[in-house]
Amino acid sequence: MGLLVHRSFCIFASVYSGELKCLAAVVDVFVKTSSDVSGGHTTEILRLVESLSGTYSPRHYVIADTDKMSEEKILTFEKSRACSGPNSQFTICRIPRSREVHQSWSSSVASTLKAMQYSLPLMFRVRPDLVLCNGPGTCVPVCAAGLLLGLLGIKKVLLVYVESICRVQTLSLTGKILYPLSDFFFVQWSSLKDRYPKSLFLGRIV
Amino acid sequence: MKTVFVTVGTTSFDELIETVTTSETVQAIKARGYERLVLQVGRGSVLPAADSCPHITLEAFRFKDSIAEDVKQADLVISHAGAGSCLEAMGAGKSLLVVVNDKLMNNHQLELAQRLHQDSHLLYCTCSTLTETLRTMDLSVLQPFLPGQPEKFANFLDNALGVQ
């Protein structure tokens, strides 16, 4: 049963805009991913992060629960990144998972609220400019905290969601929740673009 | 030795492992010129002993940190419908036969396998049709699966954030 638990992690990254230098320079990008036991989603999000330039640094990875596999993948990824250039600052943080596969609706709400007890102080501390997610569960409390930062006038947090390549005809539950809330919502198949007109379609990006 | 690599990712798919090791299926595999069968059984309860199949060289294991090498050595990959497994096999340019687990409920993974099948990137069957598919399949119709382009995503974000 434990193996069916969705593990999620988020990463932050900082964007340094050469023009702005020391002023509005430090931008935290918060990237969220789900690493279910297959690891496929982790692979997807790391491919996206890999494509980002060194200005997206530091990166804060938030892992839900004790997910050794994601941690290892992140460490391996960051290690290889360190070899190729500067701006390799990263941290790994953990918050409780919001939802297990097949978990009931009511208990999912409860566990999501519980996760927000962690995601809120985390977001308040880090103040990312950008949240990047691609999966179920823990994306929601993280994005909710990001939205709250904006609503309170503390920081405008861009929510960027990339639906998994697995999703061809239907959105994941997290996707359905975040579709109306995201600033940029990417799908990877044209069939989804047709169904969700506000989504962005750049073809397959992982 | 021409090799078939069977993978179930991190799932359990006993029916596939059992089906692929029946003498009927092994014969179909051999008839195609394959001489080695490697099984990655994941969480399944069936883990065949090495060389427990007569007439074919058999290896079996549960997990490895990376199956890249097994995929690389394979001439045919038989996989469950998991996206990670499919993408890994296609990314390595291997012929891929996906076996759908029709015992799984609400199997959203099927969406990807169906679409990729539609686009001729893989072949597709169930455990009950596996042997027949192995006998009759035409791998030459498969189209290469081009890698995704994350740089498009990066360019988009850079523009949106005003990153130089």
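The values are calculated or read from the model by the stated rules, or taken from the named source; none is laboratory data. Because the structure is a prediction, the values reported are computed rather than measured. When we count neighbours, we look across all protein chains shown, and the Cβ atoms used for this are built from the backbone with ideal geometry, even at glycine. Note: areas computed on protein heavy atoms with side chains; ligands, DNA, RNA excluded. Shrake-Rupley method; radii C 1.70, N 1.55, O 1.52, S 1.80 Å.
Using the structure shown, decide if A:PRO180 is surrounded by 23 or more Cβ atoms within 10 Å (Cβ to Cβ) and more than 22 Å from B:CYS86 (Cα to Cα).
Details: surrounded by 23 or more Cβ atoms within 10 Å (Cβ to Cβ): no; more than 22 Å from B:CYS86 (Cα to Cα): yes.
In short, no.
What are the residues in the stretch A:116-154 that are at pLDDT 85 or above, farther than 18 Å from A:ARG59 by Cα and within 14 Å of chain B (Cβ to nearest Cβ), if any?
none
When you look at A:GLY153, is it of a type outside the set (Phe, Trp, Tyr), on the phi > 0 side of the Ramachandran plot and without any contact (Cβ under 8 Å) to a residue 24 or more places away in the chain, yes or no?
On the way: of a type outside the set (Phe, Trp, Tyr): yes; on the phi > 0 side of the Ramachandran plot: yes; without any contact (Cβ under 8 Å) to a residue 24 or more places away in the chain: yes.
Spelling it out, A:GLY153 is indeed of a type outside the set (Phe, Trp, Tyr), on the phi > 0 side of the Ramachandran plot and without any contact (Cβ under 8 Å) to a residue 24 or more places away in the chain.
Looking only at the stretch B:97-117, decide whether some residue is open to solvent by 30 Å² or more (accessible area, probe 1.4 Å), within 30 Å of B:THR22 (Cβ to Cβ), away from chain A (no Cβ under 14 Å) and within 13 Å of the chain's Cα centre (by Cα).
No, the stretch B:97-117 has no match at all.
Please go through the stretch B:85-96 and pick out each residue that is in a helix (DSSP H, G or I) and surrounded by 20 or more Cβ atoms within 10 Å (Cβ to Cβ).
Taking the stretch B:85-96 first, the residues in a helix (DSSP H, G or I) are B:85-91.
Selection gives B:SER85, B:CYS86, B:LEU87, B:GLU88, B:ALA89, B:MET90.
Could you please let me know if A:VAL157 is β-branched (Val, Ile, Thr) and within 12 Å of chain B (Cβ to nearest Cβ)? Explain how you work it out, then say what you get.
On the way: β-branched (Val, Ile, Thr): yes; within 12 Å of chain B (Cβ to nearest Cβ): no.
So A:VAL157 does not fit the description; no.
Answer yes or no: is there a residue in the stretch A:145-155 that is within 20 Å of B:ASP158 (Cα to Cα) and open to solvent by 10 Å² or more (accessible area, probe 1.4 Å).
Yes, that holds for at least one residue.
Out of B:VAL46, B:VAL38, I need the residue that is part of a strand (DSSP E or B) and open to solvent by less than 40 Å² (accessible area, probe 1.4 Å). Which one? Give the steps one after another, and end with the answer.
Values: B:VAL46 fails: part of a strand (DSSP E or B).
Going through B:VAL46, B:VAL38 in turn, just one is part of a strand (DSSP E or B) and open to solvent by less than 40 Å² (accessible area, probe 1.4 Å): B:VAL38.
Give the residues of the stretch B:1-35 that are over 26 Å from B:ASP65 (Cβ atoms), in a helix (DSSP H, G or I) and not acidic (Asp, Glu), sorted by residue number.
The answer is B:THR19, B:SER23, B:THR25, B:VAL26, B:GLN27, B:ALA28, B:ILE29, B:LYS30, B:ALA31.
Going through the stretch A:178-206 one residue at a time, which ones are more than 10 Å from every other protein chain (Cβ to nearest Cβ) and assigned to a loop (DSSP other than H, G, I, E, B)?
Within the stretch A:178-206, A:TYR179, A:PRO180, A:LEU181, A:SER182, A:TYR196, A:PRO197, A:LYS198, A:SER199 qualify.
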